[in-house]
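What follows is a short report on a single structure.
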Amino acid sequence: MTDDKTDVWQGTLALMILKTLETLGSLHGYGIARRIEQTSANHLIVNYGTLYPALLKLEQEGYIASEWGISENNRKAKFYRLTRAGKKQVERETREWERTTEILARFLAPRRQA
Amino acid sequence: MIRALRALSFRVAALFRNDGDFSAELDSHLQHHIDDNIRAGMTPEAAHREAVLALGGVMQTRERYRDRRRLPIVDTLRQDIVYAVRLLRKSPAFTLTAVATLALGIGANTAIFSVVNAVLLRPLPYRDADRLVMIFATNTQTGASTDVSSYPDYVDWSKADSFESMTAFATRNVTVSSGSEADYVLALRVASTAFDTYRIQPAIGRGFRADEQQPGRSHVVILSDGYWKSRFGGAPDVLGETLRVNEEPYAIIGVMPAGVHINAAAPEEIYVPLVVDPSRTHGFLRVVGRLRPGVTLSRAQAEMRVITDRLAKAYPKSNATIGANAMSLVDATAVNVRTGLFVLLGVVALVLLIACTNVASLMLARGTARRRELSVRAALGADRARIVRQLLTESLLLAGVGGIVGLAVGTWMARALALGLAANLHRAIPRVETTGVDGWVLGFTILISLATGIVFGLAPAFSAVSPDLNATLRDDSRSTTSHRSPRLQRALVVVETALALILLAGAGVLLKSLWTLGSVSRGFESDHVLAVDLWLPQPRFAKLSDRARFFGETLTHLRNTPGVRSAGFVADLPLNGGSDGLGFRIVGRPDPKPGSMFNAGFNIASDDYFSAMRIPVRQGRAFTAADRGDAPGAIVINETAARRFWPNESPLGRQISLPIASEEPDEHSRDTNDASSLATLTVIGVVADVRDISLATAARPEIYLNSMQARLPWPWLVLAVHTIGDPGTLTNTVRNIVHNADPNVPMVKFSTMDQIVSRSMAEPRVYTILLAVFAAVALTLAAVGLYGLVSFTVSQRTHELGIRVALGAARGEILRLVLGDGLRLAAIGAVVGLAGAWACTRVLRTLVHSVEPNDPLAFASVIVLLLAVALIATWLPARRAAQVDPVVALRTD
C-alpha cells in the first residue's frame, strides 16, 4: 500500500484536482497534472502516477465524472469534469483548508502573545 | 459515509471487470507527455524515457491504480488461496493427515448434530408447534418428574389461563376386527380437544365431540391414514362402517391425514374417545396444552403451580404430593434421550478439539520448517499482517477441505448412527429416522469448519511471526540453543493427551459397568427360552374360569409337545420394568403406619413358570396343579420380600390379605383405593430374587400370585417355554397350540429370553460403543500428535544427538533421553486429564444408571493404556534417534 507521505499528499491533491477542474472545466489527466505544476509555479513536482488513483477515488465518490474525448493534440483522452456534488465539495474543502491554514498561521505567527 | 459506500460498491463491482480502460488512459497520458517533450526538443527515446520516469513507472502506477480501483484485500486473498493450494499440494502427506484428521472431527460433529437436529431442533409437524407444551405430573413423594396424570386433574389443569386449549391422551393396545381375523393395534384414547390443541383435522369425516367422551356414547373410532390404507385399501366410503374394538362395535367417523400422529414413541393406528374417568388416583394421561400467543413457558409453569397447590389443598388424599411440570413438546417427546444426545455432542466436541490441537501442532512443526521461507517474504516487504493472513488462509483452506470431506463422512455416519440407534434402543427415539442433512446441518458444518480453521490456524500463524523474523535469516539452523520443540507445541500435545484421557476414562467407566451388568446374578437362566407376548381380550377373559381354562389347555398341550421341557405363564417377565406395586396387609400384624399398607411388586405366574425360567426355589415349593381356584389362595415370594416382611422367621404358612376388586373387567381395579373385597393368601414358597426391573436394578420385594387363582384380570401375559433345542424353531408349534386353545388371542411378539437380556443391555451397550469409538479416535489422534512432535524434535536435534554420540553417549542414554521427553508430556497430559475425567464421568451416570463415576480400576486401566500407546508413539522416533550415525549427523545442515 502507499506510504504515509503520499497519504498526506493525496488529501491536498484531491483539492488541487477539484479546484483545477472548477477553473478549467473539462480536462484530461495529463492536463490536470501539468496545470497543477504550473499553478504551483513548479514548486510542486507531481508524481503523475499518484494522480490516477486520486482521480479514480474522486470518481468513485461521485465528485467527478469522466468520458472519452479528443484532446487538443488530436489524441484520444479521458476528460474529467466536476459533478454537482463535486462543486459543493470544492466549496466545503476550500473552507476547511482555509480554516486549517488560518489556525496554522496563528501558530507560526512571529509575534508571541504575552 | 454514503460516499464511502458508493465507492465501495464501485470497487466490489470492479472486481469482476478488467481494467483495460486504464491502459488506454495511461497510453494517452504518456502520448501527451511525449508530444510535449518532443515539442520541447527531446529525441523520441529521451521523450519516452522522461515521460515514464515522471509517471513513476508504468507497472507501479498500474498497481496503485488497481489497488484503488478494486479491493486489494480480495486480490491478495485470491493470491493467498492460489499459493496455499500449491503449497498444500506440494506436501501431500501433511495435507492428507490434516484433512483426514479434520474430516474425522468435523464428520463426527456433523453426524451427532444431524441426529440432535432431527430429534430435538426441528419443529414438530403441527401448526405453530412451538406453542405446544406437555404438562407432566410430578410427585414429590416418589421423585417422579415426568409422570402421568388423572382425568379430574387434567380437567382442572385445563382451566389454566395460559393455555388456549388443552388435551389429554393415553395409549392402549386393543384387538380390532372387522371380519374374522383379529388385529392387535395401538389405539390412542384421546380427549375431543386434541384436534384443536394440535391443530389437526381428519382428512375424511369429523373429529370427536365432547359428548362422545361420556360412557355409552364413546363407541366411535377414527382411523389413522396407515390403518385405513392397510385394512380398507383407502376406500373413501368407510364412514359409518363398524369395527369391533376389543369385541365391541365402534362406528368409523373419520380418517386422519397421512403423516399425522400424536403419540411420539410409536404411531397410533386408531383413535377412540377418552372416556371420562372420575378417579383422581388413577394416573394414566399425557396432557398437552397450546399456549396462548405471547405466553411464556415459565408463566404457564407458574400458573400450573398455583393450580396444583390449590388441588393439593382441596384433595389432600390424592393430590398432596402432586405438582405439574410444563415442558415444550419437542423436549418432552425426547426427554429420555436428550441427555444422551447432549453428552454425545460434548464428546464429539472434545474429539474435534483434539483434531484441532493435532492439526495446529502439525502446522507449528511445518511452520518451524518454513521459517526461512517466511523470513524471506518478510525481508522482501511482506508485513506481519500479510504473513498471518497467508497462514490463516492456509488453515482455513485446510478446514474447508476437511469440512467438505467431513460433511460427506458425517452424512454417512449420521445415517449409520440413526439406523443403529433405532435398531438397538428399545426406548424409541422420536423422529430419529428423519435424520439427514438440511440447511441447519449444513450451516452447522460450515460454522464449525470455519471455527476449526481459525482455532488451529491462529497459534501457528502468530508463532510464525512472533520473534524477529530477521533473526531467522541470520540464524544457523544448527542452533543448539533451541534444541527443544517450541513450548506451544508441547503444550498442545499435553492438552491433546488430557482430552483423550477424559474420553478414554468415560469409555472405560462405561465398559466396566457394561461388564458388571453382564456378569450380574440375574436369578434366572435365559438360554433355551422362548417368550411369547399374548393379549387376553378383556370381556372374553374377564372371568377367572375362562382364563384358567385357556391357561390349562395351552400348558397341557405344550407339556406333551416334543422339544419342550416346561412352560409357564407370567404377567411380567424379568428385565421388563418390574411389576406394579400394590398395597397389602400382613395377617396378624398392624399396618406399618395408620392409613398405609405394606407395598410390594405383584406379579402373576403359573405353576411351571419358575422351572421354565429356572428360578431356584429357596424354601417351600412353587405352585402346583393342586393350587386351583377352589383351593386356599397360594403365593410365592422372592427372597427380598421374605427378608423385608418376615425377618428372622420363616415366611412359609404366613398370610397376607390383598384388596381386590374382583371380576371387574376394567384395569382401574388395580387401584387399591377402589378395593371392594379382600383376598387372604398364604405363602407357600420363597424363590430367588430376579432382576425384574432391569439388569442394573436390584430386586424389590416381589410377590407372585397364582395365575390359576388370581382374580386380578391381567390382560397382557407372557408364555415362557423352556425348550430342548433352539427356541426359535418352536415358534410355529407354539403359535398353533395357542391358536387352538383360543383363536381370539393375538400373539403380539415372539422373542427368545436371550434376545430380551441382550436388548436390556442395548442402551448401555450403544453408549459404550459410541464412546469407545470416539475415545479410540481421540487416542489415535493424540498418539499421532505425540509421534509427530517427537519425530520433529528428533529431526531438529539430529546434530546435537550426533555430537552426544560422538562424545561417547551410549545408545541407551539417547533412547532414554528422547523417550523420557515424550513420555513426560504424556504423563502430564494424563494427570491433567484425570482431573477432567474426575469431573466429567459423573455426567455418564445420567445415561447409564449403573455407572460408578470414579471407578479406580477403570481409571487405572485407561491410564495404563494411554501410557502404553504414548510409549509406542515415542518409541519409534526415539529408536531412530538412537541409531543416529554421528558422522552423518554432524554433516547434516
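Just so you know, all these numbers are worked out from the coordinates, no wet-lab data involved. Values in this document were obtained by computation on a predicted structure and should not be read as measured data. Reconstructed Cβ throughout: ideal geometry from the backbone, glycine too, with neighbour counts over all protein chains shown.
Within the straight-line cut-off of under 18 Å between alpha carbons, the aspartates and glutamates reachable from B:LYS512 are B:GLU763, B:GLU852, B:ASP855, sequence neighbours fewer than 8 places apart in one chain being disregarded. Across the stretch A:4-108, C-alpha contacts under 8 Å between residues 6 or more apart give a mean separation that, scaled by the residue count, equals a relative contact order of 29 percent.
Close amide-amide hydrogen proximity is noted between B:TYR184 and B:VAL176, each under 5 Å apart and 5 or more residues distant or on a separate chain (H modeled in the peptide plane; Pro and chain starts excluded). For the stretch B:330-460, the alpha carbon convex hull comes to 115 Å³ per residue, rounded to a whole number. Using just its DSSP H runs of length 4 or more, each adding -39500 (n - 2.57), chain B gives a mean residue ellipticity at 222 nm of -17000 deg cm²/dmol after division by all residues.
For GluC sites (Glu not before Pro), the sites in the stretch A:53-114 that DSSP calls loop and that have at most 11 other Cβ atoms within 10 Å are A:GLU72. Need the C-alpha centroid separation for the stretch B:93-116 versus the stretch A:45-112, integer Å. Centre-to-centre distance over Cα atoms comes out at 56 Å. Please work out the Cα center distance from the stretch B:1-78 to the stretch B:766-826, rounded to the nearest Å. Comparing the Cα centres of the stretch B:1-78 and the stretch B:766-826, I get a distance of 57 Å.
Across all Cα pairs in chain B, the calculated P(r) in 10 Å bins from zero up to the longest distance comes to 2, 9, 14, 17, 16, 12, 10, 8, 6, 3, 1, 1, 0, 0 percent per bin.
Per-residue Karplus couplings for the stretch B:45-55, computed as 6.51 cos²θ - 1.76 cosθ + 1.60 with θ equal to phi - 60°, are listed in order as 4, 4, 4, 5, 4, 5, 5, 5, 4, 5, 6 Hz, Gly and Pro entered as x. Look at the alpha carbon pairs under 8 Å that are at least 6 residues apart: their mean separation over the length of chain B gives a relative contact order of 15 percent.
Remark: mean inter-chain Cβ contacts per residue of B:54-65 equal 5, using a 10 Å Cβ-Cβ cutoff to other protein chain atoms. Normalised by the number of residues in the stretch B:538-745, the mean separation of alpha-carbon contacts (under 8 Å, six or more apart) gives a relative contact order of 33 percent. Going by Cα centres, the stretch B:587-611 and the stretch B:203-228 are how many Å apart? Cα centroid to Cα centroid, the span is 40 Å. The alpha-carbon atoms of the protein assembly as shown define a convex hull whose volume equals 318 cubic angstrom per residue. Over the Cα atoms of the stretch B:2-70, each weighted equally, I'd like the Debye log10 I(q)/I(0) at q = 0.22, 0.25 Å⁻¹, rounded to two decimals. The Debye formula, applied to the Cα set alone, gives -0.89, -1.03. Phi angles across the stretch B:154-162 convert, under the Karplus curve 6.51 cos²θ - 1.76 cosθ + 1.60 with θ = phi - 60°, into 3J(HN,Hα) values of 4, 4, 5, 4, 6, 7, 4, 6, 5 Hz, Gly and Pro given as x.
Within the shell of other residues whose beta carbon sits under 12 angstrom from the beta carbon of B:TRP646, the net charge comes to +2, with Lys and Arg scored +1 and Asp and Glu -1.
Mean partner shielding of peptide B:21-30, defined as the number of other chain Cβ atoms within 10 Å of each residue Cβ, is 5.
The orientation-averaged projected area of the convex hull spanned by the Cα atoms of the stretch B:44-104 comes to 6.7 nm². P(r) for the stretch B:538-745, from all Cα pairs and a bin width of 10 Å, is 8, 34, 37, 17, 3, 0 %, short bins first.
Distant-in-sequence amide contacts of B:SER165, defined by a placed amide H-H separation under 5 Å and a gap of 5 or more residues or a different chain, comprise B:ARG290.
Counting lysine pairs in the stretch A:4-108 that sit 8 or more residues apart in sequence, or on different chains, and whose Cα atoms lie under 17 Å apart gives 6. Working note: Karplus 6.51/-1.76/1.60 with θ = phi - 60° gives the stretch A:59-73 the couplings 5, 4, 7, x, 7, 10, 10, 9, 7, 6, x, 10, 7, 4, 7 Hz, where Gly and Pro are set to x. Legend: mean number of C-beta atoms from other chains within 10 angstrom of residue C-beta atoms, peptide A:67-75, equals 2. With respect to the cross-link table entries B:LYS543/B:LYS593; B:LYS313/B:LYS593; B:LYS159/B:LYS593, which display a Cα-Cα separation exceeding 27 Å? Among B:LYS543/B:LYS593; B:LYS313/B:LYS593; B:LYS159/B:LYS593, the Cα-Cα distance tops 27 Å for B:LYS543/B:LYS593; B:LYS159/B:LYS593.
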